[in-house]
Every structure is written in structure tokens, then in C-alpha cells.
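Throughout, read-outs are computed from the coordinates displayed, never taken from laboratory work. It should be emphasised that the depicted structure is a prediction, and the values quoted were computed from it without experimental measurement. All Cβ positions, glycine included, derive from the backbone under ideal geometry; neighbour counts span all protein chains shown.
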Amino acid sequence: MKKDYLKIAGKKFVSRLIVGTGKYKSMPECAKAIHISGAEIVTVAVRRVNISDKKKPLLMDYIDPKKITYLPNTAGCFTSDDALRTLRLAREIGGWKLVKLEVLGDKKTLYPDMIETLKSTKILTKEGFKVMVYCTDDPLMAKRLEDVGACAIMPLAAPIGSGLGIQNKTNIKIIRDQTKLPLIIDAGLGQASDAAIAMELGCDGVLINTAIAKAKNPFQMAKAMKYSVIAGRESYLSGRIEKSLYGSPSSPKKGII
């Protein structure tokens, strides 16, 4: 069988599970959960991570950037200017060009401000960044992000950290149908079945942080998410049966004794 890679901005990844690095009790717990999950990409909130004070734990000491792809993100940014400044800083510090953009609209819902997000995407792509964009599940806005050069579309399933699961499957299906870009569900997943559903809808991957980091057993949840993503992808590729209102016998009618 042909190897089924996740392809983003010219890079290939075996795992379709992207994991966040925030909210864990400790760096060792974070590193172990990521190892168990099999994730090859981890998101790093540039505004919140310690990158210079050697007296405090450094993420790089626990998660090797030579083995795991770091995806700097703009978590905590509420304006385009803040997001642009943050990602330019990430590029200066680590040379990162593959980044995750999120520009939040308000502190209560943490929904993305799509006007600021679209503006930021335009600017960043012109500056040579490869931009994976956190967005609403609006198919029209997703298409606009693609048109201005985003390298991946990352609609939320539900509000960040809510654990509600996918709230609008129809919109996700429409976005899947209209884009050739990687489609990655970002935010709102709570359990393994949510990840499997996302993959069965045809998504190319999922990004999960809170559901793993805040689970009663993060390591067990990391393992569950790993295999649910694999199962969901296999289910999608296998081609499910058509839905029917009526039953269909499992055994053929011919040759009945």
C-alpha cells in the first residue's frame, strides 16, 4: 500500500495528530504524553513559553526540535499587530517559517477574529511564512484564507478547551469538499471518538491540547487519541457503506435451504 503521509508546506509526516504543549502539570509530563501520542508536530505558544531563561525549564530540553517539528503559534494575540510581531520574533529566534496563526476575537469565547486573521495571513504569506490558520468553520472564510496563501485550514470544532466535540459537521464537510489544502480540526475536541469523527469526515488531521493535558490520565488519553486518529483515517479511506432507512440481509437470498 502507498504510504499515507500528512503533507504540509512540502513536508511529510506519518502522524496526523498534532499536540499542544500547554496546560500540562510539568515539562516531563508534557514530553511523555507527546512521545506516547506519536505526534511529530507540537504547537508552541511563543508569548508564553520560556525560550531564554536557563534558570527555568526550557521546552527544548524535553522535546528535541531536531526530532519533533515545532509549530510556533500566536496564542493569546487579539490583534493583527500582536500576531505579526510574535511570529516575526519566532522567526528571528529559531528560524521558523512554518507557523500557526490565531488572532482571537474576545476572551470569553476565544473565537477567532476573522477580519484580523485574514489580514494577518495576507501579510505573513507575502513575507515568506507558511501559515496554518486557526479559523471559524465558515466555508466562505476558509476559501478566502486559501486564496490569500494559507498552507493549511484549521477550523475549530467548538470553543478552545471546551471539549464539546464537532458542533457543525456540515460546514466541515463543505470545507473539505472545496479545498485541496490540509484540513485540520483545531480546538474543542474532548475524547477519542471526537478525533475519529473528524478523520471520518475527511479531515487530514487534528490538533489536540486540553483533551490530553487535562485528562485524569494524560498518557492514556494520548494513546487513545493516537489510535482514534489512525482508525478514523482508515475508516475514511475505506469508503463507508451508503446509509439506508431499511435493513439489508447480511446473507445472500439465493441458495436458501
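Using DSSP, restrict attention to beta bridges with both residues in the chain and report what percent are antiparallel, rounded to the nearest 5. Spell out each step's value before the answer.
Values: 4 of 28 bridges.
Roughly 15 percent of the beta bridges in the chain run antiparallel, per DSSP.
Once you place label points 7 Å from the Cα toward the Cβ at Lys216 and Ser248, how far apart are they in nm?
So the label points at Lys216 and Ser248 sit 4.0 nm apart.
Given R₀ = 35 Å, FRET efficiency for Lys169-Lys107 by Cβ-Cβ distance, to 0.05?
Calculated transfer efficiency: 0.80.
Using each residue's phi in the range 134-140, evaluate 6.51 cos²θ - 1.76 cosθ + 1.60 at θ = phi - 60° and report the 3J(HN,Hα) Karplus result to the nearest Hz, with x for Gly and Pro.
Those phi angles translate into 6, 8, 6, 8, 7, x, 5 Hz.
Compute the distance from the alpha-carbon center of the range 100-139 to that of the range 181-241, in whole Å.
After rounding, the separation between the Cα centres reads 22 Å.
Considering the alpha-carbon set of the chain alone, what are its Rg and its Dmax in angstrom?
For the chain, the Cα radius of gyration and maximum Cα-Cα distance read 19.3, 80 Å.
With θ set to phi - 60°, apply the Karplus curve 6.51 cos²θ - 1.76 cosθ + 1.60 along the range 166-171 and write out the HN-Hα couplings as whole Hz, x wherever there is a Gly or Pro.
Along the range 166-171, the couplings run 5, 8, 9, 5, 4, 5 Hz.
Based on other C-beta atoms within 10 Å, arrange Val44, Val14 from fewest to most.
Taking fewest neighbouring Cβ atoms as first place, the list is Val14, Val44.
Longest exposed-loop-site-free stretch of the chain, with GluC sites (Glu not before Pro), DSSP loop and at most 15 other Cβ within 10 Å?
Maximal segment without exposed cleavage sites: 1-126.
In a shell of Cβ-Cβ distance under 12 Å around Arg144, excluding Arg144 itself, what net charge do Lys and Arg (+1) and Asp and Glu (-1) give?
Summing Lys/Arg as +1 and Asp/Glu as -1 gives 0.
Using a simple charge model, +1 on the beta-carbon of Lys and Arg, -1 on the beta-carbon of Asp and Glu, nothing else, what dipole does the chain show about its Cα centre, in debye to the nearest 20?
Rounded to the nearest 20 debye, it is 620 debye.
Going Cα to Cα from Lys2, which lysines come in below 19 Å? Please leave out same-chain ones fewer than 8 positions away.
Lys11, Lys12
Please figure out what share of the DSSP beta bridges in the range 1-120 is antiparallel and state it in percent, rounded to the nearest 5.
Values: 4 of 13 bridges.
Counting only bridges with both partners in the range 1-120, antiparallel ones make up about 30 percent.
Between Lys126 and Leu140, what is 0.36 nm times their sequence separation minus the Cα-Cα distance? Round to one decimal in nm.
2.9 nm
Expressed in nm to one decimal, what extension gain is obtained for the pair Gln178 and Thr79 from 0.36 nm per residue of sequence separation less their Cα-Cα distance? Could you put the intermediate results ahead of the total?
On the way: separation 99, 0.36 × 99 = 35.64 nm, distance 2.83 nm.
Once the chain is fully extended between Gln178 and Thr79, it gains 32.8 nm.
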